[in-house]
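**Student:** Quick one: this structure, given as structure tokens, is what I'll be asking you about.
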Amino acid sequence: MAILINKDTRVIVQGMTGSQGTFHTEKMLEYGTKVVAGVTPGKGGQTHLGVPVFNTVREAKEATDANASIIFVPAKFAAASIIEAAEAGLPLIVCIAEGIPVLDMMKVREYLKDKDVTLIGPNCPGLSTVGECKLGIMPGNIHIPGHIGVVSRSGTLTYESVSQLTALGLGQTTAVGIGGDPVKCFTFKDALKLFEQDPDTYGVLMIGEIGGADEEEAARMLRDGEFTKPLAAFIGGATAPPGKRMGHAGAIISGNSGTAAGKQKALKEAGASVAMTPDQMGNAMKDALERAGILEKCLG
Amino acid sequence: MKIHEYQAKELFEEFGIPVLGGKVAETAEEAVKIAEGLKAPYVIKAQVHSGGRGKAGGVKLVNTLEEAREASEKILGMTLITHQTGPEGKLVRKVLVTEAAEVAKEYYFAMTVDRDTGKLALIASSEGGMEIEQVSKESPEKILTEKIDASVGLRDYHLRYLADKLGIKDVKGFIKTGLGMYKLFYAKDCSLVEINPLAELKDGTIVALDSKINFDDNALFRHPEIEAMRDPAEEDPRELEAKAYDLNYVSLGGNVGCLVNGAGLAMATMDMIHAVGAVPANFLDVGGGATAEKVTRAFEIILSDKDVKCIFVNIFGGIIKCDMIAEGLITAAKTMNLQIPVVARLEGTNVEEGKRMMRESGLNILPASSMREGAEMCAKIVKEAA
């Protein structure tokens with residue numbers, strides 16, 4: 001068990017024949033991901049990396065019975081690709097692209113509101129279920145299988161936190177990068193709900209950052225008993241100046257809201273172990289598991 | 001991206017939002033010409049990207065054309081120092097000349113994106129003229145928020161409701177303002193359209209006195225007309241150069257230069273440097289696909305900051321190979337005749353090979369085995385250099 005994806009996930013890669021798409025499709029295939037189709041308009045009928053290419057997502061879905069899509073198209077066209085995948089009936093869509101205009105994402109979110117679709121991203125590294133399926137651009141070799149769920153707003157900080165967990169002998173179930181944009185569909189709240197239901201996940205490490213109120217919502221779930229497993233967290237950008245966008249479009253403090261101090265406080269008060277510096281993310285997880293008396297169960 | 005007050009005023013005029021008469025001038029002569037076409041008294045306002053211009057002496061109320069000339073001469077060319085510009089201040093190159101308004105009451109009105117719902121949010125308050133953050137802290141009950149469903153759009157009744165709650169008499173003017181802001185927001189891909197204050201004049205009419213418009217950087221590709229409004233003099237030259245090479249750079253004022261891949265790790269790196277008692281000179285994200293070329297450009301930008309005493313390279317390669325990054329570092333260090341030490345923490349594929357290359361390069365590149373160790377090495381170097 002894990003969340004969202006496993007060894008049976010059948011994947012379509014939108015934009016597979018481009019340079020990014022080609023590079024990462026190769027890596028996903030190496031990892032063992034079942035990539036069953038690629039989509040590039042105008043290249044239908046070709047075979048790329050041993051995978052059949054279709055002109056539209058709908059044709060790819062009809063021919064292969066895929067149940068997930070990952071999008072490697074440029075930001076300008078990515079919102080349209082998300083809608084295409086949703087209309088074709090794919091229940092899981094991962095959008096890697098960085099730089100989609102906010103107004104476009106607002107339209108996407110409005111469209112997906114009543115659909116039974118999970119959209120991860122945009123501006124995210126994707127996700128991987130250790131040893132089974134990788135649907136993204138993260139390195140595969142840093143993971144070991146185990147019982148910790150990881151969810152993060154940042155790509156490279158996901159890798160950093162996973163490697164800290166691995167170094168401590170704390171293996172992982174699924175690591176999800178939810179992305180650094182301000183408007184998205186899949187948030188910490190959704191990830192925690194899924195990890196709560198997954199019997200193999202014993203604890204969760206959450207990597208947040210300044211801006212927005214997603215981390216406060218996670219703290220509320222912990223406090224109100226909607227999430228009952230040990231939770232550890234780190235908030236990036238504690239020393240960022242207000243009003244400046246720190247790389248991620250969503251990482252900006254406006255006025256008094258979205259500060260790291262506010263998020264850390266809310267999480268601590270709700271009972272989470274909070275790493276105050278980025279080198280302590282793995283240790284915070286260890287601490288949370290120790291306090292719950294289940295550290296032994298999670299090691300090795 | 002941000003623009004000047006006079007540019008925002010021009011956009012407001014284009015979208016039918018009521019504003020006072022007036023125009024921008026670059027010389028005192030131009031300022032007088034503009035004033036001749038207006039009704040006295042006049043206001044002369046310095047055009048720099050900063051709040052607090054009035055307190056710093058950048059805004060003058062004058063009664064005659066001669067006074068308008070004197071005030072313009074004084075403000076044009078002055079270096080304005082406000083709480084937002086830093087001690088070096090900002091040179092004033094343009095002034096906005098407008099009529100002076102007889103204000104009876106000031107309101108706050110803004111549109112922005114609500115991150116939690118993904119909807120457009122209208123924010124209004126009867127407490128205009130002061131910063132909205134302060135109002136939300138002191139009297140949150142005086143802030144009205146309305147979220148607009150994209151499938152419905154902004155309607156007259158949303159605005160009538162707000163007008164009634166705020167006690168605005170010129171409902172027609174308020175609706176015109178609201179609908180204009182809404183059209184502007186969508187037409188130009190804004191992330192914030194703020195009017196503060198939105199003034200009720202003595203004659204009861206509504207007019208936008210001061211405003212702030214921010215644009216979504218991600219959407220600038222489809223708005224060359226907005227990109228053309230960018231004033232390079234108002235932006236950090238290093239941030240501009242970084243943008244040209246598709247690098248994310250933010251000046252932070254310290255002396256440890258940072259070169260990191262990924263925004264999250266870049267933020268965490270500056271937090272780590274602070275935690276060990278040093279101050280980062282910058283935030284710099286070379287992006288997920290760091291190449292040797294990008295690393296070289298990033299080095300150039302960091303080194304153009306003369307306060308930088310050492311550089312911390314923190315790369316979690318993952319898919320990118322560390323030996324390739326090491327090669328980029330060594331090439332950049334050699335071609336730029338690097339004088340200051342570089343602390344490099346590389347993680348990922350081929351990390352041992354990367355470390356060996358750095359050690360054997362004969363250059364002042366010091367390998368670190370963790371983020372904390374690297375930050376501590378940098379803190380020691382800058383302490384000794386001081």
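Table: residues versus (1) modelled with pLDDT of 95 or more; (2) surrounded by 17 or more Cβ atoms within 10 Å (Cβ to Cβ); (3) hydrophobic (A, V, I, L, M, F, W, C).
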residue: B:Glu14; (1), (2), (3): yes, no, no
residue: B:Arg53; (1), (2), (3): no, yes, no
residue: B:Gly57; (1), (2), (3): no, no, no
residue: B:Glu102; (1), (2), (3): no, no, no
residue: B:Tyr107; (1), (2), (3): yes, yes, no
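**Student:** Kindly establish whether A:Thr166 is within 23 Å of B:Gly317 (Cα to Cα), touching a residue at least 24 places away in the same chain (Cβ under 8 Å), of a type in the set (Ser, Thr, Tyr) and surrounded by fewer than 20 Cβ atoms within 10 Å (Cβ to Cβ). Walk me through how you get there before you give the answer.
**Tutor:** Values: within 23 Å of B:Gly317 (Cα to Cα): yes; touching a residue at least 24 places away in the same chain (Cβ under 8 Å): yes; of a type in the set (Ser, Thr, Tyr): yes; surrounded by fewer than 20 Cβ atoms within 10 Å (Cβ to Cβ): yes.
Criteria met by A:Thr166.
**Student:** A follow-up question, please. Just to check your reading of the model, which residue among B:Asp203, B:Asp231, B:Asp246, B:Asp189 is at positive phi and modelled with pLDDT of 90 or more? Reasoning before the result, please.
**Tutor:** Working: B:Asp203 fails: at positive phi; B:Asp231 fails: at positive phi; B:Asp246 fails: modelled with pLDDT of 90 or more.
Every option except B:Asp189 fails the conditions.
**Student:** On to the next question. Confirm whether A:Gly212 is more than 12 Å from every other protein chain (Cβ to nearest Cβ), without any contact (Cβ under 8 Å) to a residue 60 or more places away in the chain and at positive phi. Steps first, please.
**Tutor:** Details: more than 12 Å from every other protein chain (Cβ to nearest Cβ): no; without any contact (Cβ under 8 Å) to a residue 60 or more places away in the chain: yes; at positive phi: yes.
When the stated conditions are applied, A:Gly212 does not pass them.
**Student:** From the list A:Gly42, A:Gly21, which one is small (Gly, Ala, Ser) and assigned to a helix (DSSP H, G or I)? Even if it seems obvious, please write down each step before you answer.
**Tutor:** Values: A:Gly42 fails: assigned to a helix (DSSP H, G or I).
A:Gly21 is the lone residue from the list that is small (Gly, Ala, Ser) and assigned to a helix (DSSP H, G or I).
**Student:** Please determine, by comparing only the residues of segment A:246-279 that are of a type in the set (S, T, N, Q) and facing chain B (nearest Cβ under 9 Å), which one is surrounded by the most Cβ atoms within 10 Å (Cβ to Cβ). Full working, then the answer.
**Tutor:** First pass over segment A:246-279, keeping only residues of a type in the set (S, T, N, Q): A:254, A:256-257, A:259, A:264, A:273, A:277.
Adding the requirement that they be facing chain B (nearest Cβ under 9 Å) leaves A:254, A:256-257, A:277.
Numbers: A:Ser254: 16, A:Asn256: 13, A:Ser257: 15, A:Thr277: 19.
The qualifying residue surrounded by the most Cβ atoms within 10 Å (Cβ to Cβ) is A:Thr277.
**Student:** A follow-up question, please. Answer yes if at least one residue in segment B:159-170 is in a loop (DSSP other than H, G, I, E, B), at negative phi, surrounded by 14 or more Cβ atoms within 10 Å (Cβ to Cβ) and in contact with a Ser or Thr (Cβ under 6 Å, 6 or more places away or on another chain), and no otherwise.
**Tutor:** From segment B:159-170, those in a loop (DSSP other than H, G, I, E, B) are B:167-170; that's our starting set.
Those left that are additionally at negative phi: B:168-170.
Narrowing the set further to residues that are surrounded by 14 or more Cβ atoms within 10 Å (Cβ to Cβ) leaves B:168-170.
Those left that are additionally in contact with a Ser or Thr (Cβ under 6 Å, 6 or more places away or on another chain): B:170.
Yes, because at least one residue in segment B:159-170 is in a loop (DSSP other than H, G, I, E, B), at negative phi, surrounded by 14 or more Cβ atoms within 10 Å (Cβ to Cβ) and in contact with a Ser or Thr (Cβ under 6 Å, 6 or more places away or on another chain).
**Student:** Next up: Count, please, the residues in segment A:89-134 that happen to be over 21 Å from A:Glu26 (Cβ atoms), assigned to a strand (DSSP E or B) and within 14 Å of another protein chain (Cβ to nearest Cβ).
**Tutor:** Count: 1.
**Student:** Additional query: Within segment B:342-355, identify whether any single residue is β-branched (Val, Ile, Thr), assigned to a helix (DSSP H, G or I) and within 14 Å of chain A (Cβ to nearest Cβ), and answer yes or no. Full working, then the answer.
**Tutor:** Step one: list which residues in segment B:342-355 are β-branched (Val, Ile, Thr), which gives B:342-343, B:349, B:351.
Then keep just the ones that are assigned to a helix (DSSP H, G or I); that gives B:351.
So of that shortlist, the ones also within 14 Å of chain A (Cβ to nearest Cβ) come out as B:351.
Yes, the conditions are met somewhere in segment B:342-355.
**Student:** Have a look at B:Leu76, B:Leu91, B:Leu20 and point out the one that is over 26 Å from B:Leu198 (Cβ atoms), in contact with a Ser or Thr (Cβ under 6 Å, 6 or more places away or on another chain) and touching a residue at least 24 places away in the same chain (Cβ under 8 Å). Spell out the reasoning first.
**Tutor:** Values: B:Leu76 fails: in contact with a Ser or Thr (Cβ under 6 Å, 6 or more places away or on another chain); B:Leu20 fails: over 26 Å from B:Leu198 (Cβ atoms).
Of the residues listed, the single one that is over 26 Å from B:Leu198 (Cβ atoms), in contact with a Ser or Thr (Cβ under 6 Å, 6 or more places away or on another chain) and touching a residue at least 24 places away in the same chain (Cβ under 8 Å) is B:Leu91.
**Student:** While we're here: Can you name every residue in segment B:60-115 that is part of a strand (DSSP E or B) and of a type in the set (D, E, K, R)?
**Tutor:** Of the residues in segment B:60-115, the ones part of a strand (DSSP E or B) are B:60-62, B:79-80, B:90-91, B:95-99, B:103-114.
Answer for segment B:60-115, where residues must be part of a strand (DSSP E or B) and of a type in the set (D, E, K, R): B:Lys60, B:Lys90, B:Glu99, B:Lys105, B:Glu106, B:Asp114.
**Student:** Residues B:Phe312, B:Phe299, B:Phe283: which one is in contact with a helix residue (DSSP H, G or I) (Cβ under 7 Å, 6 or more places away or on another chain), over 25 Å from A:Ser163 (Cβ atoms) and buried (at least 19 other Cβ atoms within 10 Å of the Cβ)? Write out each step before concluding.
**Tutor:** Values: B:Phe312 fails: over 25 Å from A:Ser163 (Cβ atoms); B:Phe283 fails: over 25 Å from A:Ser163 (Cβ atoms).
Exactly one residue qualifies, and that residue is B:Phe299.
**Student:** Then there is this: Would you be able to say whether some residue in segment B:171-191 is surrounded by 17 or more Cβ atoms within 10 Å (Cβ to Cβ), within 12 Å of chain A (Cβ to nearest Cβ) and farther than 29 Å from B:Arg53 by Cβ?
**Tutor:** Checking segment B:171-191: not a single residue is surrounded by 17 or more Cβ atoms within 10 Å (Cβ to Cβ), within 12 Å of chain A (Cβ to nearest Cβ) and farther than 29 Å from B:Arg53 by Cβ.
**Student:** Go over the candidates A:Ala86, A:Ala37, A:Ala60 one by one and state the one that is of a type in the set (Gly, Ala, Ser) and in a strand (DSSP E or B).
**Tutor:** Details: A:Ala86 fails: in a strand (DSSP E or B); A:Ala60 fails: in a strand (DSSP E or B).
That would be A:Ala37, the only listed residue that is of a type in the set (Gly, Ala, Ser) and in a strand (DSSP E or B).
**Student:** Looking only at strands (runs of 3 or more DSSP E) that fall completely inside segment B:204-298, which ones have 2 or more residues that are in contact with a Gly (Cβ under 8 Å, 6 or more places away or on another chain) and more than 10 Å from every other protein chain (Cβ to nearest Cβ)?
**Tutor:** Working: elements: B:206-208, B:211-215, B:248-251, B:256-260, B:282-285.
Here the list reads B:206-208.
**Student:** For residues in segment A:144-176 being over 22 Å from B:Asp216 (Cβ atoms) and at the interface with chain B (Cβ under 9 Å from one of its Cβ atoms), which is farthest from the chain's Cα centre (by Cα)?
**Tutor:** The initial filter retains those residues of segment A:144-176 that are over 22 Å from B:Asp216 (Cβ atoms), namely A:144-152, A:156-176.
Going one step further and asking which of them are at the interface with chain B (Cβ under 9 Å from one of its Cβ atoms), we end up with A:152, A:156-160, A:163.
On the way: A:Ser152: 6, A:Thr156: 12, A:Leu157: 12, A:Thr158: 9, A:Tyr159: 12, A:Glu160: 14, A:Ser163: 16 Å.
Top of the filtered list is A:Ser163.
**Student:** Right, next: Hey, could you check segment B:197-217 for residues that are among the small types (Gly, Ala, Ser) and over 17 Å from B:Arg230 (Cα atoms) and say which is surrounded by the fewest Cβ atoms within 10 Å (Cβ to Cβ)?
**Tutor:** It comes out as B:Gly204.
**Student:** Quick check on segment A:192-203. Is at least one of its residues outside any strand (DSSP E or B), without any contact (Cβ under 8 Å) to a residue 40 or more places away in the chain, more than 14 Å from chain B (Cβ to nearest Cβ) and not polar (S, T, N, Q)?
**Tutor:** Yes, segment A:192-203 has at least one match.
**Student:** From the list A:Ala68, A:Ala63, pick out the single residue that is more than 30 Å from B:Phe221 (Cβ to Cβ) and more than 14 Å from chain B (Cβ to nearest Cβ). Break it down into steps so the answer makes sense when it comes.
**Tutor:** On the way: A:Ala68 fails: more than 30 Å from B:Phe221 (Cβ to Cβ).
Among A:Ala68, A:Ala63, only A:Ala63 is more than 30 Å from B:Phe221 (Cβ to Cβ) and more than 14 Å from chain B (Cβ to nearest Cβ).
**Student:** Considering each of B:Glu384, B:Glu376 in turn, give the residue that is surrounded by fewer than 21 Cβ atoms within 10 Å (Cβ to Cβ), over 30 Å from A:Gly99 (Cβ atoms), under 32 Å from the mean Cα position of the chain (by Cα) and modelled with pLDDT of 90 or more. Steps first, answer last, please.
**Tutor:** Values: B:Glu384 fails: under 32 Å from the mean Cα position of the chain (by Cα).
Among B:Glu384, B:Glu376, only B:Glu376 is surrounded by fewer than 21 Cβ atoms within 10 Å (Cβ to Cβ), over 30 Å from A:Gly99 (Cβ atoms), under 32 Å from the mean Cα position of the chain (by Cα) and modelled with pLDDT of 90 or more.
**Student:** Now a separate question. Which one of these does A:Glu87 not meet: (1) more than 21 Å from the chain's Cα centre (by Cα); (2) over 30 Å from B:Ala187 (Cβ atoms)?
**Tutor:** Only one criterion is unmet by A:Glu87, namely (2).
**Student:** Mind listing just one residue for me: the one in segment B:123-158 that is of a type in the set (Asp, Glu) and crowded, with 17+ Cβ neighbours inside 10 Å and, of those, nearest to A:Asp114 (Cα to Cα)? Break it down stepwise before answering.
**Tutor:** Of the residues in segment B:123-158, the ones of a type in the set (Asp, Glu) are B:127, B:131, B:133, B:138, B:141, B:146, B:149, B:156.
Filter once more, keeping what is crowded, with 17+ Cβ neighbours inside 10 Å: B:127, B:146.
On the way: B:Glu127: 38, B:Glu146: 22 Å.
Ranking the candidates gives B:Glu146 first.
**Student:** When you check A:His143 against the structure, is it in contact with a helix residue (DSSP H, G or I) (Cβ under 8 Å, 6 or more places away or on another chain) and part of a loop (DSSP other than H, G, I, E, B), yes or no?
**Tutor:** Details: in contact with a helix residue (DSSP H, G or I) (Cβ under 8 Å, 6 or more places away or on another chain): yes; part of a loop (DSSP other than H, G, I, E, B): yes.
Yes; evaluated as a whole, the condition is true for this residue.
The values are calculated or read from the model by the stated rules, or taken from the named source; none is laboratory data. These numbers were taken from a predicted model, which means no experiment stands behind them. Every residue, glycine as well, gets a Cβ built from its backbone with ideal geometry; the counts of neighbours run over all protein chains shown.
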